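Participant: Have a look at this one before I ask anything.
Coordinate-derived values only; no laboratory data. Nothing here was measured: the structure is a model prediction, and the numbers come from that model. Using ideal geometry, Cβ is built from the backbone for each residue, glycine included, and neighbour counts are taken over all protein chains shown.
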Amino acid sequence: MNTYKLTLISLLAALCVIGRISFQFLPNVQPVTTIIIIASAMLGVLPGIFIAIISTYLTNLFLGMGIWTIWQMIAWTVIAMLSGLLGKYEKSNKMIAFLLFSILAAYIYGLVVNIGSFTYAGSFLAYYLAGIPFDTMHAIGNGAFMLILYPILVRLFQHQNG
């Protein structure tokens, strides 16, 4: 991994931290998932995983650390791996594919985090159903951030590859 890529990963993780903390007043609306999706698809799975782990750890230092931190890291790692596959195999209509995946990723994230959290909350089904409105807010936020960030970040990553 070259210096440019390490710097880019650091900057994207910092953008995730700033974005997540800045949007904390809106439940589950944050740019983190979208940035991880785009970075994993364009730079590769490993940079996406680095961004996921670094940004989760740093933001939870500010927002609150707990057992959910590990499950958030796992959820965003799963999304990074799936995004890497999407970026590798999706060649046409990338914007539409990423937009649809970003909406689906909110529910994947919610499912993974809920799997880890329900053990101390009781019934999984009740816990998961109670979280669906928050997952829906996450999905709406992901779609909006994808529409805003995709053109900007793709141009940045094309510079990196060029």
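Participant: Counting only residues 5 or more places away or on other chains, whose amide H sits under 5 Å from the amide H of Asn28 once H atoms are built in the peptide plane?
Facilitator: none
Participant: Also, I was wondering about something else. Identify which of the listed values of Kirkwood radius over Cα pairs in Å was calculated from the structure shown: [x] 17.7; [y] 16.3; [z] 15.7.
Facilitator: Checking each listed value against the structure points to [z].
Participant: Test of understanding: ordering Lys88, Lys94 by Cβ neighbours within 10 Å, fewest first, what list do you get?
Facilitator: Arranged by neighbour count, lowest to highest, Lys88, Lys94 become Lys88, Lys94.
Participant: If you take the beta carbon distance between Lys5 and Trp68 as r and set R0 to 35 Å, what does 1/(1 + (r/R0)^6) give as a FRET efficiency, to the nearest 0.05?
Facilitator: After rounding to 0.05, the efficiency reads 0.75.
Participant: Using 1/(1 + (r/R0)^6) with R0 = 25 angstrom and r between the beta carbons of Ala14 and Ala144, what's the FRET efficiency to the nearest 0.05?
Facilitator: Approximately 0.75, to the nearest 0.05.
Participant: Among the chymotrypsin sites (Phe, Trp or Tyr not before Pro) within the range 1-69, which fall in a DSSP loop and have no more than 15 other Cβ atoms within 10 Å of their own Cβ?
Facilitator: Within the range 1-69, the qualifying chymotrypsin sites (Phe, Trp or Tyr not before Pro) (loop, at most 15 other Cβ atoms within 10 Å) are Phe25.
Participant: Here is a further query. Can you give the local net charge around Leu149? Use residues other than it whose beta-carbon is closer than 14 angstrom to its beta-carbon, Lys and Arg +1, Asp and Glu -1.
Facilitator: +3
Participant: Sticking with this one: Per-residue HN-Hα couplings for the range 62-79, Karplus 6.51 cos²θ - 1.76 cosθ + 1.60 at θ = phi - 60°, whole Hz, x for Gly and Pro?
Facilitator: 8, 8, x, 9, x, 4, 5, 4, 5, 5, 5, 4, 5, 4, 6, 5, 4, 5
Participant: Which of Thr34, Thr7 comes first, and how do the rest follow, when ranked by fewest Cβ neighbours within 10 Å?
Facilitator: The order, fewest Cβ neighbours first, is Thr7, Thr34.
Participant: At 222 nm, what helix-only mean residue ellipticity would the chain give, in deg cm²/dmol to the nearest 500, using -39500 (n - 2.57) for each DSSP H run of four or more?
Facilitator: After summing the helix terms and dividing by the residues of the chain, the value is -29500 deg cm²/dmol.
Participant: State the Cα centre-to-centre distance between the range 45-71 and the range 110-137 in whole Å.
Facilitator: Rounded to whole Å, the Cα centres lie 19 Å apart.
Participant: By counting other Cβ atoms within 10 Å of each Cβ, how are Arg155, Arg20 ranked from fewest to most?
Facilitator: Arg155, Arg20
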